[in-house]
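Working notes, beginning with the structure itself.
The values are calculated or read from the model by the stated rules, or taken from the named source; none is laboratory data. These figures come from a predicted structure and were not determined experimentally. In this analysis, Cβ positions are derived from the backbone assuming ideal geometry, glycine residues included, and neighbour counts consider all displayed protein chains.
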């Protein structure tokens with residue numbers, strides 16, 4: 001029995017739907033379904049939970065936290081260092097990945113939303129002002145040239161902050177900021193007071209699928 005011409009052969013189907021990255025692929029990119037592809041050529045830093053596939057020739061080693069630019073003995077459990085030549089794919093699950101390009105920007109992101117970054121970026125870990133003992137929001141400061149990836153529950157948007165126009169942002173939607181923004185947590189309210197100059201990243205609820213590049 002001859003199959004319909006519209007039905008592909010098994011080999012044709014397999015090689016037409018490869019998850020292997022192109023030779024010139026960026027270190028961080030998204031699949032058509034919005035999953036995160038991490039391409040390693042030397043070294044990358046990434047989370048490994050929600051792992052779908054991974055090259056066997058990649059080696060992982062733990063990262064020590066950095067505070068004020070220096071390594072400290074405590075292990076950074078969120079991220080590991082990936083070394084070698086290969087790639088892996090991380091599932092978006094019910095959230096959305098966004099790949100961002102830093103051009104010497106100074107950014108701060110809530111630790112739980114950061115999923116990967118290039119080794120060319122400088123980073124360290126700190127605490128959101130006023131959060132210690134209340135909600136303990138850990139931040140990662142990233143600066144320099146390179147790519148990073150965030151995974152958030154909904155659409156990623158930003159609010160411009162100016163000296164004459166501060167904003168309040170709900171803690172549950174707060175992702176981080178770029179520029180000279182000064183967020184401050186206050187007791188007994190679920191909002192952050194944000195002042196200064198720059199933009200605050202916010203995750204809007206309600207969007208589940210896909211992902212995006214901001215390049």
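Would you check which residues across segment 194-211 are exposed (fewer than 15 other Cβ atoms within 10 Å of the Cβ), modelled with pLDDT of 60 or more and under 17 Å from the mean Cα position of the chain (by Cα) and list them?
204 - this is the single residue of segment 194-211 that is exposed (fewer than 15 other Cβ atoms within 10 Å of the Cβ), modelled with pLDDT of 60 or more and under 17 Å from the mean Cα position of the chain (by Cα).
Filter segment 61-113 for residues that are modelled with pLDDT of 90 or more, over 26 Å from residue 181 (Cβ atoms) and in a strand (DSSP E or B) and give the result.
If the condition is that a residue be modelled with pLDDT of 90 or more, over 26 Å from residue 181 (Cβ atoms) and in a strand (DSSP E or B), then 80, 81, 82, 83, 84, 85, 86, 87, 88, 89, 90 are the ones that fit.
Is it true that some residue in segment 163-172 is buried (at least 16 other Cβ atoms within 10 Å of the Cβ) and part of a strand (DSSP E or B)?
Yes, that holds for at least one residue.
Please find, within segment 129-163, the residue that is nearest to residue 94 (Cα to Cα) out of those that are more than 18 Å from the chain's Cα centre (by Cα) and at pLDDT 90 or above. Please lay out each step first, then the result.
Step one: list which residues in segment 129-163 are more than 18 Å from the chain's Cα centre (by Cα), which gives 129-136, 159-163.
From the residues that got through so far, the ones that are at pLDDT 90 or above too are 159-163.
Working: 159: 24, 160: 28, 161: 30, 162: 33, 163: 36 Å.
Looking at the filtered set, the residue picked out is 159.
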